[in-house]
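This report concerns only the one structure given below.
Quick note: the coordinates plus some simple rules give every number you see, no bench work behind them. Worth saying up front: this structure is predicted, and the values here are computed from it rather than measured. Neighbour counts are summed over all protein chains in view; Cβ atoms, including those assigned to glycine, are modelled from backbone coordinates with ideal geometry.
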Amino acid sequence: MFSSEYSIVGYMTNEENFDAYKPGKIAILVEDAGVSKAQLPLFQMFVLAVLAGAFIGFGGAAYTAVMSGVDATFGPARLLGGLVFSLGLILVIVGGAELFTGNALMVMAAVDRKISVRQLLRSWAVVYLGNLAGAAGLALAFGFSGILDGPLNATAVSIVQGKTALDPMEAFARGALCNALVCLAIWLSFAARTVTGKVLAILWPITAFVLLGLEHSVANMYFFPQGWLAGSDVTAGKAVTNLAFVTLGNVVGGAGGVALAYRYAFLGGPSR
């Protein structure tokens with residue numbers, strides 16, 4: 001999935017391999033990755049998306065556990081919650097998977113006509129559905145495990161109640177701000193040439209978005225089923241409304257706030 005990055009590394013000396021890529025090179029790598037993602041066979045794309053949904057779900061489950069029995073508004077507790085939630089994107093990037101929010105960066109390749117709009121929308125649709133299947137499936141697995149019958153129960157319920165308390169504009173704005181940080185985490189991970197570097201690049205932007213209470217659509221695909229399995233009475237309509245506005249915000253924050261800005265800055269300004 002990151003073959004373009006790996007091929008470039010292969011032509012460099014061992015000493016150079018420890019240096020971070022500069023922003024201009026990152027832009028090329030991200031755009032090339034977008035082309036590779038769009039060309040994935042449909043079934044492979046879907047399987048990798050299911051994995052990503054489950055990976056983000058593991059981060060969501062860990063967050064739920066950390067926040068159980070503590071004041072969810074307490075800054076240090078939220079900081080710790082953000083650190084453990086980072087597990088999800090670390091698994092996606094290092095393990096290899098297809099995440100809808102991160103794939104907002106594919107807009108760079110579409111603007112430069114290296115992939116078609118049809119390919120972009122196909123990828124987004126398949127990956128979104130795969131993420132939903134993976135996240136909801138993991139929530140179901142945790143429901144069967146009995147873990148949600150313990151201390152995590154009340155936390156799982158309160159998480160979804162807080163999300164549906166947001167009005168649509170709040171959900172949209174938090175979604176946009178969230179995915180700006182998620183896409184920046186992915187962008188920074190492309191700069192790193194080691195697993196350790198990638199993990200550290202991911203850790204702080206993701207921790208920040210959780211600390212700030214921002215909204216991630218794929219995480220919510222896990223949190224809502226988890227809440228229902230824990231006994232939440234949040235309606236499906238409220239969950240879908242939240243997910244719709246958060247998803248739109250994620251697209252705007254990732255595609256417009258990060259992808260197009262960096263594409264303009266490093267790949268030649270107006271569309272070539």
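Observations on the structure shown:
- Shape category assigned to the stretch 193-272 from the gyration tensor of Cα positions, a/c cut at 1.5: oblate
- FRET efficiency for the pair Thr196 and Gln39, taken as 1/(1 + (r/R0)^6) with r the Cβ-Cβ distance and R0 = 30 Å, rounds to 0.50.
- The chain: angle of helix 217-229 to the longest principal axis, Cα-based, in degrees nearest 10: 20 degrees
- Summary value for the stretch 80-221: 42 percent relative contact order, contacts being C-alpha pairs under 8 angstrom separated by 6+ residues.
- Unit charges on C-beta of K, R, D, E only; dipole of the stretch 135-272, Debye: 600 debye
- Ordering of 41-52, 161-172 by burial proxy (mean other Cβ atoms within 10 Å per residue, highest first): 41-52, 161-172
- Summary value for the stretch 28-106: 45 percent relative contact order, contacts being C-alpha pairs under 8 angstrom separated by 6+ residues.
- Subtracting the Cα-Cα distance of Ser68 and Asp149 from their residue separation scaled by 0.36 nm leaves 27.9 nm.
- Partner lysines whose Cα lies under 27 Å from the Cα of Lys238, excluding those fewer than 8 positions away in the same chain, are identified as Lys163.
- Note on Met169 and Leu129: their simple-model spin labels are 3.5 nm apart, each label 7 Å out from Cα toward Cβ.
- Those lysines that a straight Cα-Cα span of less than 29 Å connects to Lys25, excepting residues fewer than 8 apart in one chain: Lys37, Lys114, Lys198
- Net charge dipole, the stretch 66-135: roughly 320 debye, given to the nearest 20, about the Cα centre with Cβ charges of +1 for Lys and Arg and -1 for Asp and Glu.
- Each Lys and Arg Cβ is given +1 and each Asp and Glu Cβ -1; about its Cα centre, the chain then shows a dipole of about 560 debye.
- Mean separation of Cα contacts under 8 Å (6+ apart) over length of the chain, as relative contact order %: 29 percent
- Shape analysis of the chain based on the Cα gyration tensor places the equivalent ellipsoid semi-axes at 31, 20, 17 Å, largest first.
- In whole angstrom, the stretch 92-159 maps to an equivalent ellipsoid with semi-axes of 35, 11, 11, each derived as √(5λ) from the alpha carbon gyration tensor and ordered largest first.
- In the chain, helices alone account for a calculated mean residue ellipticity at 222 nm of -22500 deg cm²/dmol, with every DSSP H run of four or more residues adding -39,500 (n - 2.57).
- Per-residue packing, averaged as other Cβ atoms within 10 Å, sorts the ranges 115-125, 88-98, 226-236 into the order 88-98, 226-236, 115-125, beginning with the highest.
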